[in-house]
Amino acid sequence: MSTYVLVAGNAGVSELVAAAAKLDGPVVAVVVGADEVVRAVAAPGVDKIVWLGDPGDRAVEAFAADVAKVVAADPGVVFAGRKPAERALLGAVAAAISAPVVTMPVEIAAGQVTRAIAGGIASETRSYAGPVAIVSDGGAPLTGGGSTSVEQAAASPAEVTVTDLRPNEVAAADLGTADRVVSVGRGLKAKEDLAIIEALATAFKAELGCSRPVAEGLDWVARDRYVGISGQQISPQVYLAVGISGQLQHMSGCRGAQLIVSINTDKDAPIVAESDYILTGDLYTLVPALTAALG
Amino acid sequence: MRIVVAYKYAPDPQEATVASDGTLDFSRAKAIVSDYDAVAIEYGRQLADAQGAALVGVSVGGEAAAKPVATKAALARGLDEVVVVSDPELDGAGSTRTAQAIAAVVKELGDVELVLAGDSSMDVGARMVPSVLAGLLGWPMLSDVEKVTLADGSVSVERLVSEGVQSITAAAPAVVSLTSEAVKTKAPGMKDLLAAGKKPVAVKSLADSGLVAVSEGTVTARAKLDGPARKGVVIDTSDPAAAAAELVNALRAAGVLG
Ligand SMILES: Cc1cc2nc3c(=O)[nH]c(=O)nc-3n(C[C@H](O)[C@H](O)[C@H](O)COP(=O)(O)OP(=O)(O)OC[C@H]3O[C@@H](n4cnc5c(N)ncnc54)[C@H](O)[C@@H]3O)c2cc1C
């Protein structure tokens with residue numbers, strides 16, 4: 001029985017390969033992607049690659065049924081990352097082999113998975129008689145160098161065509177590797193006021209993060225910067241939350257931080273109970289004061 | 001033509017409490033049509049009106065999902081009818097089991113051009129039901145969608161991916177999950193609630209759906225996850241400059257000022 005890692009157009013699956021290697025059987029990467037992706041995924045820990053081809057103009061999602069077919073021929077535990085195309089491939093596999101889906105895994109062993117539930121306030125361990133489909137953070141890109149065999153498999157992708165891509169104006173952010181993150185929430189009153197938060201982030205040598213509504217809805221900050229159950233899940237040394245109430249869905253993205261500092265007008269906001277340092281007050285006076293103290 | 005909206009009637013997890021043995025208690029949590037599924041219903045209503053299609057809600061859950069208060073709440077948001085697969089076995093069902101039950105209903109309904117779903121459920125947030133459903137139906141899966149156009153047997157979408165805004169055209173039918181902000185929702189008014197009471201509701205059990213649901217494993221342990229213990233130091237902010245200095249000193253002492 002093989003253990004599978006699904007690769008959806010990018011090689012950022014190092015964490016998944018590491019987790020798969022701990023289970024029984026060879027680790028098989030099922031790849032939809034260009035040849036450079038195949039070369040990168042041919043890395044130590046990956047025993048075999050089944051390559052379904054370069055999607056070209058098609059969306060990776062077009063290959064969902066092909067990926068499912070590969071796994072269904074010899075069902076085993078399947079891993080995929082949290083990105084949209086990765087989820088689409090994993091869903092098709094779970095459907096084809098009738099496997100339960102596990103998200104937010106904490107510990108994975110043969111026939112048994114512990115996962116975080118209810119946004120991370122509790123965990124649950126289940127034993128499974130058959131394969132499971134696991135969604136987890138993909139991790140850094142693999143960079144080749146393995147003695148991996150590559151098998152090309154025929155694919156009959158569905159009609160799902162990418163007709164246009166309007167690139168983001170801002171560069172992609174990587175909150176995951178930042179030691180310090182200054183994150184802003186709806187406590188901010190206007191987009192122009194972001195300047196004071198950005199000044200603090202600069203003085204603090206921190207990346208800028210935010211709560212979901214600030215990125216989606218208000219559109220003040222790029223979407224890849226929001227923290228939470230559906231956004232970035234980070235564990236920096238310091239997480240400084242400014243004008244963020246600390247709803248469960250937000251906290252499940254930053255609870256791993258070594259230190260949490262909150263600035264909030266409401267001393268009873270949920271984030272206060274989860275903070276190491278609590279500054280109760282108006283961000284419009286406290287943030288500039290903090291920037292000055294750091295400068 | 002039918003447009004289906006898959007929705008969940010779910011408790012607000014903010015109100016959930018966890019006992020020291022890891023057991024969750026949702027009894028204080030009020031159940032509602034999950035926030036982002038309300039977005040999908042509103043979006044579906046506008047699309048169905050433009051297409052002259054019927055808008056059918058499909059929901060899967062325990063007994064609560066089939067109660068009139070639950071179906072009315074969903075219908076009041078603009079659905080024409082709902083089909084609920086309700087069974088104690090489906091209370092807290094995982095993504096695969098849930099998708100299997102939805103797929104059974106979609107197949108039985110027939111003439112479905114599109115299944116819409118919200119970004120994620122508010123209580124679990126696995127974001128996997130639409131993908132498994134698409135796999136079961138053999139339809140394309142398109143997530144993170146802001147805009148949907150249906151025309152001549154194809155579905156065109158604009159979706160937010162990490163590289164930017166991607167336009168995709170796929171052969172219909174398809175499964176589409178929307179962003180949380182694809183459309184603004186509004187609270188249903190008294191008129192909507194009254195009308196909801198007169199709309200058709202079909203309730204099926206797991207047995208009626210003809211489904212042999214996937215095994216979801218056996219729970220062998222539960223635990224409360226406390227996360228790192230927090231210091232809970234309240235810094236006096238009556239003098240902002242002094243408060244800032246105190247915080248900076250504390251962070252410097254902890255060795256976390258880069
Ligand atoms: C399925 C689902 C998934 C979700 N996923 C995420 C997710 O991944 N990430 C996420 O962040 N959210 C997520 N949410 C949304 C989440 O539930 C909250 O709505 C959101 O996190 C709240 O954002 P906020 O704290 O910025 O805003 P609010 O809750 O409005 O809080 C604003 C805070 O600012 C404070 N404030 C106001 N004025 C000032 C001032 N002048 N100075 C200082 N403080 C001030 C207020 O006291 C308040 O605490 C999700 C929701 C759902 C339903």
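The values are calculated or read from the model by the stated rules, or taken from the named source; none is laboratory data. None of the values given here were measured: they were computed from a predicted structure. Virtual Cβ from ideal backbone geometry, glycine too; neighbours counted across all protein chains shown. Side chains included, ligands, DNA and RNA excluded: accessible areas come from the protein's heavy atoms. Shrake-Rupley method; radii C 1.70, N 1.55, O 1.52, S 1.80 Å.
Take A:Lys69 and decide whether it is within 18 Å of A:Asn10 (Cα to Cα) and either at pLDDT 95 or above or crowded, with 21+ Cβ neighbours inside 10 Å (or both).
Judged against the criteria, A:Lys69 is not a match.
Return a yes/no flag: does the range B:226-243 have any residue that is under 27 Å from the mean Cα position of the chain (by Cα) and at the interface with chain A (Cβ under 7 Å from one of its Cβ atoms).
Step one: filter the range B:226-243 for residues under 27 Å from the mean Cα position of the chain (by Cα), giving B:226-227.
In the following step, the residues that additionally are at the interface with chain A (Cβ under 7 Å from one of its Cβ atoms) were identified as B:227.
Scanning the range B:226-243 turns up at least one residue that is under 27 Å from the mean Cα position of the chain (by Cα) and at the interface with chain A (Cβ under 7 Å from one of its Cβ atoms).
Considering only residues that are more than 7 Å from chain A (Cβ to nearest Cβ) and more than 19 Å from A:Ala8 (Cα to Cα), which ones fall in the range B:159-182?
Correct list: B:Ala172, B:Pro173, B:Ala174, B:Leu178, B:Ala182.
When the range A:254-291 is examined, which residues are found to be at pLDDT 95 or above and in a loop (DSSP other than H, G, I, E, B)?
Listed by number, the residues that qualify are A:Cys254, A:Ala257, A:Gln258, A:Thr265, A:Asp266, A:Lys267, A:Asp268, A:Ala269, A:Ser275, A:Asp276, A:Gly281, A:Asp282.
Conditions: (1) more than 16 Å from the ligand (Cβ to nearest atom); (2) closer than 30 Å to A:Val41 by Cβ. A:Glu169 meets all but one. Number of the miss?
(2)
Can you list the helices (runs of 4 or more DSSP H) found entirely within the range B:1-109 that contain at least 1 residues being within 24 Å of A:Ala99 (Cα to Cα)?
Ranges flagged: B:95-109.
For B:Ala73, which of the numbered conditions (1) over 19 Å from the mean Cα position of the chain (by Cα); (2) touching a residue at least 40 places away in the same chain (Cβ under 8 Å); (3) away from chain A (no Cβ under 14 Å) fails to hold?
(1)
Pick out the one residue from A:Ser235, A:Ser230 that is within 9 Å of the ligand (Cβ to nearest atom) and out of contact with any Pro (no Cβ under 8 Å at 6 or more places or on another chain). Lay out the reasoning, then the answer.
Numbers: A:Ser235 fails: within 9 Å of the ligand (Cβ to nearest atom).
Selected residue: A:Ser230, the only one of A:Ser235, A:Ser230 that is within 9 Å of the ligand (Cβ to nearest atom) and out of contact with any Pro (no Cβ under 8 Å at 6 or more places or on another chain).
Inspect the range B:73-81 for any residue being among the hydrophobic types (A, V, I, L, M, F, W, C), more than 19 Å from B:Ala187 (Cβ to Cβ), away from the ligand (no atom under 16 Å from the Cβ) and in contact with an Asp or Glu (Cβ under 8 Å, 6 or more places away or on another chain) and give the result as yes or no.
no
Picking from B:Ala93, B:Ala126, B:Ala117, B:Ala101, which residue would you name as being away from the ligand (no atom under 16 Å from the Cβ) and in contact with a Ser or Thr (Cβ under 7 Å, 6 or more places away or on another chain)? Before the answer, list the steps.
Numbers: B:Ala93 fails: in contact with a Ser or Thr (Cβ under 7 Å, 6 or more places away or on another chain); B:Ala126 fails: away from the ligand (no atom under 16 Å from the Cβ); B:Ala117 fails: away from the ligand (no atom under 16 Å from the Cβ).
Answer to the selection: B:Ala101.
Just to be sure, is B:Lys191 modelled with pLDDT under 95, more than 22 Å from the chain's Cα centre (by Cα) and not β-branched (Val, Ile, Thr)?
Criteria not met by B:Lys191.
Give the number of residues within the range A:252-283 that are of a type in the set (A, V, I, L, M) and open to solvent by 20 Å² or more (accessible area, probe 1.4 Å).
Final tally of qualifying residues: 2.
Got at least one residue in the range A:244-251 being touching a His at 6+ places or on another chain (Cβ under 8 Å) and open to solvent by 10 Å² or more (accessible area, probe 1.4 Å)?
So far as the range A:244-251 goes, no, none of its residues is touching a His at 6+ places or on another chain (Cβ under 8 Å) and open to solvent by 10 Å² or more (accessible area, probe 1.4 Å).
Tell me, which helices (runs of 4 or more DSSP H) lie completely within the range A:12-102 with 1 or more residues that are within 30 Å of B:Gly118 (Cβ to Cβ) and not hydroxyl-bearing (Ser, Thr, Tyr)? Give the derivation first.
Numbers: elements: A:14-21, A:35-41, A:64-72, A:84-97.
Counting at least 1 such residues, we get A:14-21, A:64-72, A:84-97.
Could you tell me which of the residues A:Leu286, A:Leu294, A:Leu290 is surrounded by fewer than 21 Cβ atoms within 10 Å (Cβ to Cβ), at the interface with chain B (Cβ under 10 Å from one of its Cβ atoms) and more than 19 Å from A:Tyr226 (Cα to Cα)?
A:Leu294
Determine whether the range B:197-211 contains at least one residue that is at pLDDT below 95 and either within 14 Å of chain A (Cβ to nearest Cβ) or in a helix (DSSP H, G or I) (or both).
Within the range B:197-211, one or more residues are at pLDDT below 95 and either within 14 Å of chain A (Cβ to nearest Cβ) or in a helix (DSSP H, G or I) (or both).
For the range B:2-22, give me the residue count where each residue is crowded, with 23+ Cβ neighbours inside 10 Å and either away from the ligand (no atom under 12 Å from the Cβ) or at the interface with chain A (Cβ under 9 Å from one of its Cβ atoms) (or both).
Here the count works out to 7.
Please go through the range A:103-149 and give me each residue that is assigned to a strand (DSSP E or B), within 9 Å of another protein chain (Cβ to nearest Cβ) and small (Gly, Ala, Ser), ordered by number.
A:Ala116, A:Ala122, A:Ser123, A:Ser127, A:Ala133
Output the number of the condition that B:Glu108 fails; it satisfies all remaining conditions of (1) more than 27 Å from B:Gly138 (Cβ to Cβ); (2) open to solvent by 10 Å² or more (accessible area, probe 1.4 Å).
(1)
Please determine, by comparing only the residues of the range A:244-253 that are outside any loop (DSSP other than H, G, I, E, B) and near the ligand (Cβ under 8 Å from one of its atoms), which one is nearest to the other protein chains (Cβ to nearest Cβ).
At the first step, the residues of the range A:244-253 found to be outside any loop (DSSP other than H, G, I, E, B) are A:248-251.
Filter once more, so that each one left must be near the ligand (Cβ under 8 Å from one of its atoms): A:248-250.
Values: A:Leu248: 5, A:Gln249: 7, A:His250: 10 Å.
Checked the range A:244-253; the qualifying residue nearest to the other protein chains (Cβ to nearest Cβ) is A:Leu248.
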